[in-house]
1. In the set Ile4, Ile63, Ile83, which member is among the β-branched types (Val, Ile, Thr) and at pLDDT below 95?
2. Starting from region 48-73, keep only residues that are farther than 22 Å from Ser122 by Cα, then list their pairs with residues that are open to solvent by 60 Å² or more (accessible area, probe 1.4 Å) whose Cβ atoms are within a distance under 7 Å, requiring at least 6 positions of separation or different chains.
3. What residue, among those in region 140-164 that are under 26 Å from Asp193 (Cβ atoms) and not in a loop (DSSP other than H, G, I, E, B), is nearest to the chain's Cα centre (by Cα)?
4. As an exercise: evaluate Ala152 against (1) touching an Asp or Glu at 6+ places or on another chain (Cβ under 9 Å); (2) open to solvent by less than 60 Å² (accessible area, probe 1.4 Å); (3) of a type in the set (Gly, Ala, Ser) and give the number of the one condition it does not meet.
5. Quick one: is Asp178 in contact (Cβ under 8 Å) with a residue 40 or more places away in the chain, farther than 20 Å from Ser31 by Cβ and in contact with a Ser or Thr (Cβ under 7 Å, 6 or more places away or on another chain)?
6. One residue is enough: does region 133-145 have a residue meeting the conditions of a type in the set (Gly, Ala, Ser), farther than 20 Å from Ser30 by Cβ, open to solvent by less than 20 Å² (accessible area, probe 1.4 Å) and in contact (Cβ under 8 Å) with a residue 12 or more places away in the chain?
7. Name, by its number, the condition in (1) assigned to a loop (DSSP other than H, G, I, E, B); (2) of a type in the set (A, V, I, L, M); (3) modelled with pLDDT of 95 or more that does not hold for Val201.
Amino acid sequence: MKAILSLFLSLVLLAACSSWQTSYDAPVPSSVSQNWRLGDVVVTVPETLSVSEDNVYLPDADIVWREDPLGAGSTRYDQVAAIVEDGVTRGASGLSGSTPVRIKVTVGTFHALTEIARYGLSSSGVHNITFAMQVFDMGSGAALTDAETIQADLVALVGDQAIEAEAQGITQKVRITDHIAKVTAGYLGIGPDVRSEFARVGR
């Protein structure tokens, strides 16, 4: 019965979408970014983005993040902003030139897995993440790049894989933050270009 339910859910998710990618138009030339030094990262998570707190397989919302508890004064917008800021800061930490830059990021989608999906699926699940990134000269305020839309999708660990990873401290937050860091470094021309595409059942 459990196998039939899992298959049914997978087919439903597959009907929704099955093509995912890490993508951006082109990396910043290293000849340009080598002159930059990271000064600041500013992340905006618009409160116009919808949030789901439903523990279901396929929540329909821009933000799905349930791994951090909601405490007094805490919001999902704040939590997502902190994760993205950490990832971008780590990814841009290799900027060591002479010109201080401010990186502005606006989140468009941050769709991780609910508990029921993370532990109830066996071969499905995607972290669907998109954001726009733009680099500015901190001194003059001039834009050094256009606003680049970056898609940073990542295969999610589910079922036994998720349980084993968590036992080693590898949570959803750890994997997503690491991925955002790699994508940022690749886009800024200071790390490997990690653009890729994959097929997987997911939101």
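The values are calculated or read from the model by the stated rules, or taken from the named source; none is laboratory data. Model, not experiment: these values are computed from the prediction. Cβ coordinates were reconstructed from backbone atoms using ideal geometry, including for glycine residues, and neighbour counts include every protein chain displayed. Please note that ligands, DNA and RNA were not included when accessible areas were found on the heavy atoms of the full protein model with its side chains. Shrake-Rupley method; radii C 1.70, N 1.55, O 1.52, S 1.80 Å.
1. Just one listed residue meets the conditions, Ile4.
2. Correct list of pairs: Ser52/Asp60.
3. Checking each candidate, the answer is Ala152.
4. (1)
5. Considered against the rule, which asks whether it is in contact (Cβ under 8 Å) with a residue 40 or more places away in the chain, farther than 20 Å from Ser31 by Cβ and in contact with a Ser or Thr (Cβ under 7 Å, 6 or more places away or on another chain), Asp178 comes out as no.
6. Checking region 133-145: not a single residue is of a type in the set (Gly, Ala, Ser), farther than 20 Å from Ser30 by Cβ, open to solvent by less than 20 Å² (accessible area, probe 1.4 Å) and in contact (Cβ under 8 Å) with a residue 12 or more places away in the chain.
7. Single failed check for Val201: (3).
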